[in-house]
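Novice: My questions all concern the structure below.
The values are calculated or read from the model by the stated rules, or taken from the named source; none is laboratory data. Because the structure is predicted, anything quoted here is derived from the model rather than measured. As a convention, Cβ positions derive from the backbone with ideal geometry for all residues, glycine included, and neighbour counts pool all protein chains shown. Please note that ligands, DNA and RNA were not included when accessible areas were found on the heavy atoms of the full protein model with its side chains. Shrake-Rupley method; radii C 1.70, N 1.55, O 1.52, S 1.80 Å.
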Amino acid sequence: MDTFDLPRRLAAEALGTGVLVATVVGSGIMAETLTKDVALALLCNTLPTGAILVVLITVLGPISGAHFNPAVTLVFTGKRELPPQEAVLYVIAQIAGGIAGTMAAHLMFALPVVDFSMKTRTGGAQWFAEFVAAFGLVATILAGIRFQRTAVPWLVGLYITAAYWFTASTSFANPAVAIARSLTNTFAGIRPVDLPGFILAELCGAFVGMLLMNWLLGRPEVRGPVKIAETSR
């Protein structure tokens, strides 16, 4: 990531978030067109989302770190791996890219460029589900970077694929994606009025995930005979 200047990193963040949202919204529209079975439609929405995450993180990760998510960006800022000034620009790029992704999906399916969602997604269970989704995403990313950095694209793609099904909210886990999805009155949509609860839950989940993983992944303390043996070498 250090090899690329800030404008290129911001472009990568906008592009990645845009393609991600276009995939989420577009596959949802396609699913609704092809079937009335909600479970099958959700599956049709899930698989492309998990797949595109693997692709995007693999090809854009070396440029920007492949955050595509304000919650993830704030985590890396909290870990002092991204300056606050750059983090603000990352978030702006992600939100702008996500909105462009919704517009692109609508244009591909001959829908109005912007169509505010009427789909209700609110309540304690939904908010807690978003907390869990963001918590798990951050835990997956941080542990993956620590132990299997090259596997992170697959880990994130597989985690989101699973979280679509084990969370009541279908795992938005991303404030920029949530904002973009409020502009589509299709399968993937969320009412704009429901955004604050989702975004707050996602940010809280990401923060708690960071705190836990900072402790869990801290340098293990070696005790007793093992330490003596290592010293004797």
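Novice: Test each condition in (1) in contact with a Phe, Trp or Tyr (Cβ under 8 Å, 6 or more places away or on another chain); (2) assigned to a loop (DSSP other than H, G, I, E, B); (3) surrounded by 24 or more Cβ atoms within 10 Å (Cβ to Cβ) for PHE68 and report the one that comes out false.
Specialist: Result: PHE68 passes all but (1).
Novice: Okay, moving on. Would region 115-131 turn up any residue that is at pLDDT 95 or above, of a type in the set (Asp, Glu) and either surrounded by 21 or more Cβ atoms within 10 Å (Cβ to Cβ) or within 13 Å of the chain's Cα centre (by Cα) (or both)?
Specialist: Yes, because at least one residue in region 115-131 is at pLDDT 95 or above, of a type in the set (Asp, Glu) and either surrounded by 21 or more Cβ atoms within 10 Å (Cβ to Cβ) or within 13 Å of the chain's Cα centre (by Cα) (or both).
Novice: Is it the case that ILE92 is modelled with pLDDT of 95 or more and in contact with a Pro (Cβ under 6 Å, 6 or more places away or on another chain)?
Specialist: no
Novice: Looking at LEU195, LEU211, LEU200, can you tell me which residue is over 17 Å from ALA129 (Cα atoms) and surrounded by fewer than 24 Cβ atoms within 10 Å (Cβ to Cβ)? Walk me through it before giving the result.
Specialist: Numbers: LEU195 fails: over 17 Å from ALA129 (Cα atoms); LEU200 fails: over 17 Å from ALA129 (Cα atoms).
None of the other options fit; the residue is LEU211.
Novice: Is it the case that some residue within region 183-190 is within 29 Å of ALA104 (Cα to Cα), part of a helix (DSSP H, G or I) and not basic (Lys, Arg)?
Specialist: No, that holds for no residue.
Novice: Return yes or no: is ALA143 small (Gly, Ala, Ser), open to solvent by 20 Å² or more (accessible area, probe 1.4 Å) and part of a helix (DSSP H, G or I)?
Specialist: Considered against the rule, which asks whether it is small (Gly, Ala, Ser), open to solvent by 20 Å² or more (accessible area, probe 1.4 Å) and part of a helix (DSSP H, G or I), ALA143 comes out as yes.
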